[in-house]
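Undergrad: I'd like to ask some things about the structure below.
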Amino acid sequence: MFKLIFPLVPYVDEGFLGFVARSAEENFRPTPWAVLTYVAPRLMAARAFMLSDTDMEPLRHLLSMTPDELERMSYRAADTRHVRLLGHTLPKELVSLIWRKCCPLCLAEAPYHRAVWDFVFMVACPHHNVMLVDRCAECRGPLNWLTSKLTHCVHCGADYRVIDPEPAPDDIEGLKAVVSLLEGKPPPEGLAGMDVGCLLKTIYMLGQCVHDTLLNVAAVKIGRHHPERVLAYLNIGWQACADWPHSFYRHIDWLRQGAADRQDQHERMYRDIGVTAKWILKQDKDPAFRPITGTFSQYVAGDVTLVTKARAVVRARRANPSRSFFLPQEAIRLLGTSMPRLMRLAEERDMFLVKGTGKGFGSRLDPQKVLDIQAEVERYIDGKAARAMLGVNDRTLGQMEDAGLLTVASEPIATTFFKHPLLRAEVQDLLDAVNRLELTELPLPLGKDMITTANLIRRMPMSYDDRNAATVYRAVVEGTLLPAGRLAGSRGFTNLVFTIDAVKKLAVKLRQDVLAVSDIAAKLNVQTKSVRLWVQNDILKSRDKVGRVTRRAKVLNKDFRDFSGRYMLARDVAAQRGLDVKSVNSTLLYSGARPISGPSVDGGEMYLYERSDIDRIIG
């Protein structure tokens with residue numbers, strides 16, 4: 001394979017195309033392209049050379065380079081969106097071979113092209129504090145790669161080394177920091193895991209965004225026509241990154257001081273911070289910028305006054321366990337309510353940290369008060385969800401409420417969030433009462449000695465009451481009716497299976513525990529219509545009432561005992577004390593006792609009084 005007759009050894013910081021040009025001069029070739037044509041005849045442009053996928057192995061042999069030297073100096077990266085410079089992978093817009101520039105003082109010290117000069121923001125020499133030159137001082141012709149003599153002008157032959165360069169501004173600390181990063185100095189501790197190329201771009205953009213405009217101009221054009229701007233941008237950007245994240249927070253605070261000049265922005269965060277926020281949040285999808293977007297999102301998420309719906313900020317706010325506020329949208333999702341309902345509740349409970357205008361989307365809510373409401377709301381469950389948990393229909397759920405198995409909540413917080421609020425603990429207790437039985441699933445068809453919940457409710461073998469479903473479920477919860485299993489695929493109280501023997505035992509027990517209206521009338525020696533009247537008026541408690549007639553109402557023995565211990569008929573008082581019934585009524589009424597039932601109260605057969613009034617007046 002062909003090799004150059006006089007090979008050279010590259011300098012450590014030498015640019016690849018500059019090394020090719022220097023090799024061409026040493027071997028009497030007019031341009032670097034005259035050397036490259038040996039391996040790539042059609043490669044005649046600097047940008048094409050930088051992004052070329054040409055096999056570099058023949059070029060390495062041609063220039064007598066070692067593999068390590070080629071790896072260090074090659075521009076080729078893993079994809080065409082990036083290039084390599086000084087061992088770092090940079091976005092391709094940050095490196096330019098088209099725009100050739102140099103430091104005359106550096107060339108005078110050693111006549112070779114420094115790789116760092118290919119960096120588009122390298123507009124000054126940090127070693128000599130002078131501006132780089134990109135044109136000949138004699139003919140004003142631009143520097144290019146159409147010559148192998150890197151120290152002389154291709155147009156007029158003038159020597160670049162004798163040019164008196166323009167002094168650089170006094171403050172080029174940003175440029176010096178960027179060059180040190182390219183030369184291998186580690187980045188700031190808080191950004192240690194960030195790619196150098198992304199860090200360099202961040203430093204520049206943090207400076208450029210200070211002017212509240214995202215310049216849609218190629219970086220090479222800005223550097224060529226406005227080098228002083230580039231230096232200013234790098235200074236500002238490096239000050240924001242030097243002591244990460246504290247310096248970055250100071251930078252954002254400084255930007256917020258100019259919020260009065262940005263009133264044309266629609267969203268409050270952009271009015272307060274400017275286009276810096278837009279550029280940072282735009283990088284959210286790129287994992288390489290995660291240290292930048294993450295730090296910024298945490299800053300915004302922790303500030304009550306910054307309003308934004310940006311996804312990165314929302315994620316940071318949700319991930320923060322010690323958050324300082326809730327957005328209305330977050331509180332709506334957390335509490336499962338609507339914006340109007342939440343705003344009314346916030347007014348009632350003084351939840352606003354910052355009260356927004358209009359519908360309230362710009363508001364900030366006190367996090368502790370939101371979490372307190374969440375804890376209150378979690379005590380309740382809507383009837384629809386309760387039906388799904390228990391596996392019952394709406395009618396059966398109502399029967400459970402009438403039977404006292406479930407309580408309808410009346411607290412304001414419950415009625416605000418639910419149409420049919422129930423106590424969650426009671427619903428869970430009912431469900432646990434069935435689940436802890438560890439029932440086996442039984443396939444269809446069932447044996448003749450088995451009956452399902454639905455059939456049992458329709459054909460109960462006892463005349464206990466007309467609310468058979470509540471009776472069955474209460475017996476299951478109390479343990480007086482144990483299921484033998486459940487139908488396969490069912491859950492909750494749906495399709496429990498009982499043995500006929502267990503149902504018969506329950507029927508016997510229920511008959512022993514209850515009294516019919518006629519039984520109570522016989523015990524008290526009154527007409528049955530009087531007992532029905534007491535039941536209808538809730539003077540005598542019944543397990544169930546059917547309409548207004550209460551003909552088939554059943555009363556528990558304990559409820560009858562409570563009734564007998566609390567109330568007494570005037571007739572029985574007269575009989576016990578040997579008095580006339582009329583005189584007993586006159587004495588009680590004259591002394592201020594009020595009858596609970598009677599002819600003048602509810603049309604009852606005889607007067608009924610509380611025993612406490614009788615003992616106080618008659619003794």
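The values are calculated or read from the model by the stated rules, or taken from the named source; none is laboratory data. Just so it is clear, the model here is predicted, and its values are computed rather than measured. Note that we place each Cβ from the backbone using ideal geometry, even for glycine, and neighbour counts take in every protein chain shown. Surface accessibility is based on the protein's heavy atoms, side chains included, excluding ligands, DNA and RNA. Shrake-Rupley method; radii C 1.70, N 1.55, O 1.52, S 1.80 Å.
Undergrad: Could you figure out which of (1) in contact with a strand residue (DSSP E or B) (Cβ under 8 Å, 6 or more places away or on another chain); (2) at pLDDT below 90 isn't true of TRP117?
TA: For TRP117, the failing item is (2).
Undergrad: Let me ask something else about it. Which residues, taken from region 150-168, are part of a loop (DSSP other than H, G, I, E, B) and either β-branched (Val, Ile, Thr) or out of contact with any helix residue (DSSP H, G or I) (no Cβ under 6 Å at 6 or more places or on another chain) (or both)?
TA: Within region 150-168, THR151, CYS153, VAL154, HIS155, CYS156, GLY157, ALA158, ILE163, ASP164, GLU166, ALA168 qualify.
Undergrad: A further question on this structure: Mind checking which residues of region 331-346 are open to solvent by less than 70 Å² (accessible area, probe 1.4 Å) and either in a loop (DSSP other than H, G, I, E, B) or out of contact with any Gly (no Cβ under 9 Å at 6 or more places or on another chain) (or both)?
TA: ALA331, ILE332, LEU334, LEU335, GLY336, THR337, SER338, LEU345
Undergrad: Which of the helices (runs of 4 or more DSSP H) found entirely inside region 369-417 contain at least 1 residues meeting this: within 30 Å of ALA346 (Cα to Cα)?
TA: 383-390, 412-417
Undergrad: In addition: Quick test of your reading of the structure: GLY383 fulfils all but one of (1) of a type outside the set (A, V, I, L, M); (2) open to solvent by 20 Å² or more (accessible area, probe 1.4 Å); (3) touching a residue at least 12 places away in the same chain (Cβ under 8 Å). Name the failing condition by number.
TA: It fails just one condition, (2).
Undergrad: Another question, if that's okay. Please pick out the residue among GLU401, GLU376 that is open to solvent by 20 Å² or more (accessible area, probe 1.4 Å), in contact with a Ser or Thr (Cβ under 9 Å, 6 or more places away or on another chain) and among the acidic types (Asp, Glu).
TA: GLU401
Undergrad: Ok, one more. Say whether the condition of being loosely packed, with under 15 Cβ neighbours inside 10 Å and among the aliphatic types (A, V, I, L, M) is met by at least one residue in region 347-355.
TA: Yes, the conditions are met somewhere in region 347-355.
Undergrad: Follow-up. Is it fair to say ALA232 is modelled with pLDDT of 85 or more and more than 20 Å from GLU93 (Cα to Cα)?
TA: The answer is no for ALA232.
Undergrad: So, one more: Among the residues of region 245-258, is there at least one that is in a loop (DSSP other than H, G, I, E, B), open to solvent by 60 Å² or more (accessible area, probe 1.4 Å) and at pLDDT below 90?
TA: Checked region 245-258: at least one residue is in a loop (DSSP other than H, G, I, E, B), open to solvent by 60 Å² or more (accessible area, probe 1.4 Å) and at pLDDT below 90.
Undergrad: Still on this structure, please answer the following. How do the pairs read when you match residues in region 5-31 that are under 18 Å from PRO58 (Cβ atoms) and touching a residue at least 24 places away in the same chain (Cβ under 8 Å) with residues anywhere that are part of a loop (DSSP other than H, G, I, E, B) and among the aromatic types (Phe, Trp, Tyr), using Cβ under 7 Å and keeping only pairs 6 or more apart or on different chains?
TA: Sorted first by the residue in region 5-31, then by its partner, the pairs are PHE16/TYR75; LEU17/TRP145.
Undergrad: What's the number of the only condition in (1) at pLDDT 85 or above; (2) open to solvent by 60 Å² or more (accessible area, probe 1.4 Å) that GLU441 fails to meet?
TA: So the condition that GLU441 fails would be (1).
Undergrad: Could you go through region 546-554 and let me know if any residue there is in contact with a Leu (Cβ under 8 Å, 6 or more places away or on another chain), surrounded by 16 or more Cβ atoms within 10 Å (Cβ to Cβ) and at pLDDT below 85.
TA: Our first condition is that a residue be in contact with a Leu (Cβ under 8 Å, 6 or more places away or on another chain); within region 546-554, this holds for 554.
Narrowing further to those that are surrounded by 16 or more Cβ atoms within 10 Å (Cβ to Cβ): 554.
So of that shortlist, the ones also at pLDDT below 85 come out as 554.
Checked against the condition, which is being in contact with a Leu (Cβ under 8 Å, 6 or more places away or on another chain), surrounded by 16 or more Cβ atoms within 10 Å (Cβ to Cβ) and at pLDDT below 85, region 546-554 yields at least one hit.
Undergrad: Anything in region 497-534 that is buried (at least 20 other Cβ atoms within 10 Å of the Cβ) and without any contact (Cβ under 8 Å) to a residue 40 or more places away in the chain? List them, or say none.
TA: Across region 497-534, the qualifying residues are VAL517, VAL531, ARG532.
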